Every structure is written in C-alpha cells, then in structure tokens.
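To start, the structure itself, in structure tokens.
The values are calculated or read from the model by the stated rules, or taken from the named source; none is laboratory data. Nothing here was measured: the structure is a model prediction, and the numbers come from that model. Cβ: placed from backbone, ideal geometry, glycine included. Neighbour counts: every protein chain shown. Accessible surface areas use protein heavy atoms only, side chains included; no ligands, DNA or RNA. Shrake-Rupley method; radii C 1.70, N 1.55, O 1.52, S 1.80 Å.
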Amino acid sequence: KRKNRGKGSAAQEERQEQSDGEEDGGSARKQARKAEPARNDIWREAGSWELVNEAYEAYYQRQKICSEEEWPKLLQALRSGLPVAIRINRMRLGSPLLSKRLHEMKQICSGDEAREQFAPVRLSWFAHDLAWHWPGLERRTVKKNKQNAQLKTYLMNRERSGLISRQEVVSMIPPLFLSVEPHHMVLDLCAAPGSKTSQILEIMHWPQDAENSAPPQGLVLANELQWKRANMLAHQVQRLGSPCAAVVNMDAQFFPDLWEKVPGEESRPLRFDRILCDVPCSGDGTMRKTPYIWKSWTLRDGISLHIRQLGILYRGLDMLKVGGRLVYSTCSLNPVEDEAVIAAALHRHGDAVALLPPPDLDGLCAANGLERWVIQDPSGGAFYESYDDVPKELREGKCKLLASMFPPVGEGAAGIGSSVQKHCRRFLPHLMDTGGFFVAVLEKRAELRPSAKARREDKRVQIQASKAAQQQEGAAPGSAEKSSEGTKASDADGQSSAVVSGTGSENSQAMTNSVTQQTIASTSAPQGLKGITKEYVKLGEDMWIEIRDFYGLDPAVRSRMVQRNGSDQRVFLLSEGGERLLASEAKMPTRMVLCGVIALEKANSHHVLACQWRLAQQGVAAMNMVGLKRRLFASKEFLVRLLREKEVSLDEVREAATGGSVKGLEAFRCGAQGSNDLRPGSLAVVYDGKADAMGGSRWLAVAASMSDDMLELAVGSASETASLLEELEGQPEVEQILSAPVDDAADDEPEEDADAPADQDAPLASESVPEGHA
C-alpha cells in the first residue's frame, strides 16, 4: 500500500505512526528499531564480513583454552550460526503434549532428506524433556528462509502464549547448577532480560506442577541496574503468574544488606539460599549470534570489566547464607573474566568459600577450567604470567592491570589453582554445538570477614556500648577515652573489637579481638533502618474484609496481599518469601518494580451484591491454590465452549451442573433456603488436567464473571484466550505444524521482534544490548 501512495504520503504516515506510538506509550523496542535499523538484521550485514580477528585468535591460542587439534573445530563453530533452541514451560497445561509432539516430529523427520533439518533433538541433561534444539536449523535461517516459515510461525505463537521460551542452550545451564528448591530464597543479581530468572521460577514450581500441591513458599528476587530493562524483566516474569517473583532496580555491586525482624529477638540479616551472578561480560562467547564481535573485540573489553565482575561476586557472597550456593557465570571465554574472578574470591575468603563440583547431568559436555593463564598488554603487546612482571605504567591509568587478574600466588595458591581447574566448567562452542559459556559453583561454609566499612561501623557501635556499660558501672570519667584509644590501636592491627580498660564487666569481656567476634558484631542490625520499599502497602481493614468474605479466603492470606502505594487499582498476591522481603528493612529503600502477581483488579462497575475487586487472569491460578472458594470445576468441553463463545447463560450452567460437567455451583447459592439464585460477581472456572490424562494433575484456571443471567469470560486478551483454547484442545499434529499455511506476519521479521518477549536471544536495539553484554 505504501508503494502505491508515493514517498510523501509514506513519510507523512510514518511520522504520524511515530507520534501515535509516543502518545500511546508504544513499544520501546519499535522506537529503538527505527533509531538503529542496522542492528535489526545483524547477520544480513555480516554476510559481507570476513569473520576473522587476528588479535582474538592469537590471544586465545596463547591461553590454551583447548588443544591444538581442537582449535580449528572451535573456530569453525564460532563462524557458524547458532541452532534454534527452546525451553518448555512446565507450568502450562499443554507442556506434556508439546513434548510429545516434538518426539513425534523427530521420528517423522529423521531419515527424511527433505525434512531432516526439522528433526529436533532433546537435551538429555535437562529434566522432564523440557529443552530441545534443532541442529539443522540456525536461528538466522529460521528467521529469513521462507521454507521454514511454518515452523517459525508455530514457535512464535507458542512463545507468545508463554508455553515456550526461546533461549540459548548454554544459557539454561547456570539455573540448573543452582539446584533450586520450592522453599528457597533466590537472588538473581544481574537478571535482565529475564530468561534465567523465568527458568528459576519455573524450576521452583516443578514439584507443584507434578503433584498439584501448594504453591512454592520461596522467592526469586531479580535485580537489574537499568530502569527500562528492569521493567522489561518485570513484564517477562509476570507472564508466568507466579507469586514468588519480585524485581528491583539496583546496582548489583552495592546491593543493600537486608534485615528482618524476629518476634522477641533482635533483627537478623536476611540472607539468600541461592544466588545467581550472571555478570556483565565482554560476550566474546556469543559470536555465533552476535557476529559483529568479530570486528569489535579488543583486549580492553575483558580487562575493563574485571573489577566490576569481582565486585558483584563479592557482594553476592556477602548476601549468601552459610551453607548456600552461588553460581557465577559469563558468556565470555576470557580467563580474566572467568577463572581470575573465581580465584581472587577464593584467595580473599580462604576456607569460608569453596568451589563445588558441578552436578553430574547426563550428556552435558564441557572443558575444565584453566589452572594457569596469562594477561596481555591492553595495547596488544607482551604477555605477562604474574603481576610482578607488569611494568609500572600498566599498573596505573584507566585500563590498568590488577593483581587479581593473575593466577594467585603465595600460601594456598596451588590448592586454589587446582580447585579452579577441577571444578570450573568451560562450555566451548564445538563441544555441544552451542555458544561459549563459563560456569562455576561456590558454597559459603562460614561467615565472611567483615569489610573495612563494616569494621568501622562495628567499632563505632562498640565504643558507644562500652561507654554505656561503664556509665552503668560507675566507671571513672576517663575510662571511655581509654576504651576509644584501645579500639583504634586494635583496629590498626586488623581487628575491630574494642579494648576496654577499667573494671572487667561481662559486656566488656564479651568483646575480643578475634575474627569470629568481628563476624558476630557485624551481624548486629545498624541504626536508622527503613522499610525495604515504599512502593507496596498492606490492605486496609475494610478492603480486606470485603475481599475475604466474598472470595472465602483464609485470614492467614491477608499478610500476603498488598497494593501499590498511591494506586488502588490492583491487589498483588505474594508468596511467604515475598512477604518476608516486604517486611525486611535496609539502610536505604530500594526501587522495587514488581513484587508478587496481580491477583485482583478493581472493576469499573459491579453488581450491588458483588465485590468491586475481580479476579485477574494473571493471578487466578495462584489464587486458586491458596483456598479460593468462588470457583466452578468444569469439564474440558464446557470450558472450551466458554472460551469460544465468551458467555453461557446461567440456565445452561445449571443444566451442566445437573449433568455433571460443572461442579461447585451450590457454593454460589444466595437468598432464602431452597432459592435457585446465584450470587453474582467474579469467580474462577477451573479444569483439572488429570480428568482425561492430559499429562499429570495440572490445573487450568480461567477468570470469569457471573451476572444475574449469564456466566461471562473475563480473560481480557484475545491472544491469551487463544492460548488457553490450544492448551485444552491440544497441539496440532506434526504434518499440520510443518505444512500449515503461512500468514504475512510470519514473514515480517521486524514484527516478530517487536512482539516477541524481552527474553528472546537476539541482539536488542538502541539502549539495550545482547544478553550477557556490558
């Protein structure tokens, strides 16, 4: 149509579209794409590039990241495109049937020369048949080749519905190494764009999905530094409908200490059972999906990020519970970003932190870490094996070389190097036809020695305590000054406990000069603590009573339902871990983007007998699992009809109840005894997946509303309604998937990128960057 209008008309239309997008709060990704079209199709531009970087090849050959025999295979893999890979969301009802279809697709296409490329391969190391990839299909081929448009359309539709996520294979490994359980408090320090965060949330729900048990009690707290990416991350995790999700906007290096109140005791630190540090990196392991790195890679990339990566890892270890597990990962092959960071942390913390062997997952293939490595002059000059060899001019300036970049020396260095080599894992591209990745698993075995800042704070608190104790004992006026001088002297020797002169009281004797006592002192809550956020507040009494009485909720749920401060349009449901988070305190409030899942929304109008708060489709499944009483149990046929027709008369609902396809209608009776009237208002229509062997005892809950004479669907989104219908009616057959008619939108790559969720593994435009990049 634009071609026929002429240039002037098209330009005017484009300006109008841009104006409309800004006024309507349009897609930031669409605006970014207009600003930087070159990044939209990076492989098309790469077709004319020579995928060679002599400095890159010389550097990694010198590091000996693989044997001489393997080196050509590694380069060949890096110069080829990345295969398509997906992860199935087990939280959705249709996941077992989708896995079955993929098995069938493999059987049908294997051995057929014309269809061999469409044969998927199951990743054996990922549980429950939830991860697959297509070795014969590159990501760029699926996007651009019209021959693959049918499969592309099929995958896009399942991704939009939340049934699958497109995620690079090696990106799925760090969450598996965390070994997350439903009750864990998990912190993802560098979470955007959200693929790993979503995977952790799904893993946390696995036992519930298999056993139809209560929802997880834990929490996945995702942190992101950039505000826009933090909002994209919140949108991504909100699609899962989990009350265990929370998103904050902080600098990971300075993530605040959290404290939680304990009845009858002093506040204690809130520590995490699992922490993921997927740190910003140079991303030189992602050349298969971001080929411009062949042109842009320099030695300075890794060197300039080392100190930031180290700071994030140190902060993660501080926030980790004793006995907890931390996974450090990068999509870089550079030892200055990988082994050097791990070795520096082990050298600093001694026996308090140890490397763990990674889980033994069937079919997972990786190289061991490097025991020795070298650092090259940032300008491309000489290689240095130790910090002592570095000239003075390279120890100063903006891109200086640091001692922590080199293999450790001194006492315990041999043990650290051996542990790094034995327990760290390098996922090289040619080993499993993937991108490059580095992963290490750390365990915290004792409290860490407090930082210099913490020791100064401890000293100040101890001086005040010493003065107070001596005043109670009637000590001489000069005792406090002597105590202060003694404390300064001991701190100069590397200790932070106070030395108290005068008569020896029990309080004074409890303060010793040992590191153990420093640790104990550092766990005392500081003064001036504030609530972790001002964004969320508890429900008012009248509001809670209205919701409780209408929906039949247990009184214990009240503490897990909150509203945004200053907004009365939505109610959020939290897990027990989310409740603990909102009740915690910190020195400064955090900027919280999301906590929990939207459970209720305020209706613009409602029946006089109904509650003004209606169930939201995003959180209806979570509400169903915490004791929701306003729910109907329906057969698959009845629920399909409701989704298709959008409404069913109450007379027909009563007939369905008589016939057994609807259950629970008696709970909605109101009026005099024997009356056939039903109390109007919002409710959930629930289908139990075990009724017809859909693959386990999974639930499917749909938000609906009852008026005086109709049962009406209240999903709100046509795409969500379509995805719910598909989950009930089943996946199309393999022949339909591979030969389905292709609509015009399927061939329009910009539209796919515009509509796809933020976690897709593709270069983001404008201010966004590919996953794992600085």
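So here's what we get for this one:
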quantity: Calculated on alpha-carbon atoms, Rg and Dmax of the range 536-602 in Å; calculated: 12.1, 39
quantity: Leading residue at positive end of dipole, the range 335-408 (Cβ point charges), from His349, Val390, Gly369; calculated: Val390
quantity: Surface share of carbon and sulfur [accessible, 1.4 angstrom probe, percent] for the range 544-690; calculated: 46
quantity: Rounded to the nearest 10 Å², the accessible area of Ile303 at probe 1.4 Å; calculated: 20
quantity: For the range 263-338, with +1 on Lys and Arg beta carbons and -1 on Asp and Glu, the positive-most of Tyr314, Cys281, Leu270 along the dipole; calculated: Cys281
quantity: Exceeding the 22 Å Cα-Cα cut-off - candidates Lys106/Lys289; Lys321/Lys459; Lys196/Lys289; Lys196/Lys228; calculated: Lys106/Lys289; Lys321/Lys459
quantity: For the range 189-300, projected area of the alpha-carbon convex hull averaged over all directions, nm²; calculated: 10.3
quantity: Note, ³J(HN,Hα) from phi for the range 569-585, Karplus 6.51, -1.76, 1.60, rounded to Hz, x at Gly and Pro; calculated: 9, 9, 10, 9, 9, 10, 7, 4, x, x, 5, 4, 5, 5, 7, 7, 10
quantity: Amide proton proximity set for Gln376, modelled H, under 5 Å, gap of 5+; calculated: Tyr384
quantity: Of all accessible heavy-atom area on the range 287-402, the percent that carbon and sulfur account for (1.4 Å); calculated: 47
quantity: Distant-in-sequence amide H partners of Met185 (H built 1.01 Å from N, under 5 Å); calculated: Leu219, Asp273, Arg274
quantity: Ranking by accessible area, most exposed first, for Asp709, Asp351 with a 1.4 Å probe; calculated: Asp351, Asp709
quantity: Cross-link pairs Lys261/Lys538; Lys100/Lys646; Lys64/Lys398; Lys261/Lys467 - those with Cα-Cα distance over 19 Å; calculated: Lys100/Lys646; Lys64/Lys398; Lys261/Lys467
quantity: In Hz, Karplus ³J(HN,Hα) per residue of the range 104-116 (6.51, -1.76, 1.60; θ = phi - 60°; x = Gly, Pro); calculated: 5, 4, 5, 5, 5, 8, 5, x, 8, 4, 6, 10, 4
quantity: Amide H partners (placed H, <5 Å) of Cys281, local residues excluded; calculated: His773, Ala774
quantity: The range 109-167 - Rg over Rh from alpha carbon coordinates, Kirkwood radius; calculated: 0.97
quantity: Cα Rg, Dmax, the range 129-252, angstrom units; calculated: 15.8, 46
quantity: Per-pair calculated FRET efficiency, R0 = 56 Å: Ala667 and Asn145 via Cβ, rounded to 0.05; calculated: 0.55
quantity: Accessible surface, 1.4 Å probe, highest first, among residues Ser329, Ser124; calculated: Ser124, Ser329
quantity: Computed accessible area, His183, all protein chains, 1.4 angstrom probe, square angstrom; calculated: 100
quantity: Pairwise label distance in nanometres, Ser719 with Asp112, each label 7 Å out on the Cα-Cβ vector; calculated: 3.0
quantity: Point-to-point label distance, Cys399-Arg268, nm (Cα→Cβ direction, 7 Å offset); calculated: 4.9
quantity: FRET efficiency estimate (nearest 0.05) - Cβ-Cβ, Met588 to Lys646, R0 41 angstrom; calculated: 0.25
quantity: Accessible surface ranking that places the most exposed of Lys100, Lys144 first, with a 1.4 angstrom probe; calculated: Lys100, Lys144
quantity: Given charges at Cβ of Lys, Arg, Asp, Glu: the range 60-150 dipole, positive-most of Tyr60, Pro96, Ala77; calculated: Pro96
quantity: Karplus 3J(HN,Hα) series, Hz, for the range 289-301 with 6.51 cos²θ - 1.76 cosθ + 1.60 (x for Gly, Pro); calculated: 10, 10, x, 5, 5, 4, 8, 9, 5, 9, 5, 5, 4
